Amino acid sequence: MTQATYPLSSEPNRPFLLSLEDYEALYVENPRFANKRFELIRGEVLEMTTMGDTHFGYINTLARELNFKLFSVAMVGNQTPVRAPRSASRPEPDFTLQKLEGWTPQVPLASETIALIELSDTTLEFDRTVKLGDYAREGVPEYWIVNLRDLTLEVYTKPQGDTYAQKQTYEKGQSASFRAFSDIAIEWWTYPGP
């Protein structure tokens, strides 16, 4: 859900890069930005786009599905950030999955997650390239993209460098499972809309 770069530099067309620590100090803890949503991606502060009706519907029904099916085995975060120090990033995927055992109420490292999920329509190419590369580089074991344009699910596994060695695509009506919970079928398409 990332779109516009927040203007930080006085020079036109020149991004002002921040470290992860500077971003957290300037944007996360600053009450001036309390009602805005930002992500730090590769040192750039990006303002997140407004959620449309389809995205809203899918995110809420998928949240219900994930929490119902994974309640006893994982902590499911909804639009919560992860720290990605190798990429100088602090993205906010639509969902994060973490091990329930040992969970603490702090922003996790991306490498500590079981999986990250993005619901993508206007940000599909960004999520398939920039975020995919960053998540792989951070060692996120599994990355799901719910493609709201085509109503398909793209599941990326086996991170290698800045990509994933395996990709599997599911059509609407085909259940998918996380590698860590292969016996739990997730009906990712359950939104009753289009």
*When you go through (1) modelled with pLDDT under 80; (2) open to solvent by 90 Å² or more (accessible area, probe 1.4 Å); (3) touching a strand residue (DSSP E or B) at 6+ places or on another chain (Cβ under 9 Å) one by one for Arg42, which number turns out not to apply?*
(1)
*When the residues of region 160-179 are filtered to those that are under 18 Å from the mean Cα position of the chain (by Cα) and among the hydrophobic types (A, V, I, L, M, F, W, C), which remaining residue is nearest to Leu132 (Cα to Cα)?*
Phe178
*Of the residues that sit in region 88-109 and are among the polar types (S, T, N, Q) and more than 26 Å from Leu17 (Cα to Cα), which one is surrounded by the most Cβ atoms within 10 Å (Cβ to Cβ)?*
Gln98
*In region 161-194, which residue that is in contact (Cβ under 8 Å) with a residue 24 or more places away in the chain and either in a strand (DSSP E or B) or in contact with a Leu (Cβ under 6 Å, 6 or more places away or on another chain) (or both) is most open to solvent (accessible area, probe 1.4 Å)?*
Thr163
*Residue check for Arg137: open to solvent by 50 Å² or more (accessible area, probe 1.4 Å) and assigned to a helix (DSSP H, G or I)*: yes
*For region 1-39, which residues satisfy the criterion of being modelled with pLDDT of 80 or more and either farther than 17 Å from Pro91 by Cα or in contact with a strand residue (DSSP E or B) (Cβ under 8 Å, 6 or more places away or on another chain) (or both)?*
Leu20, Phe38, Glu39
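The values are calculated or read from the model by the stated rules, or taken from the named source; none is laboratory data. Because the structure is a prediction, the values reported are computed rather than measured. Every residue, glycine as well, gets a Cβ built from its backbone with ideal geometry; the counts of neighbours run over all protein chains shown. The area values use the complete protein model at the heavy-atom level, side chains included, leaving out ligands, DNA and RNA. Shrake-Rupley method; radii C 1.70, N 1.55, O 1.52, S 1.80 Å.
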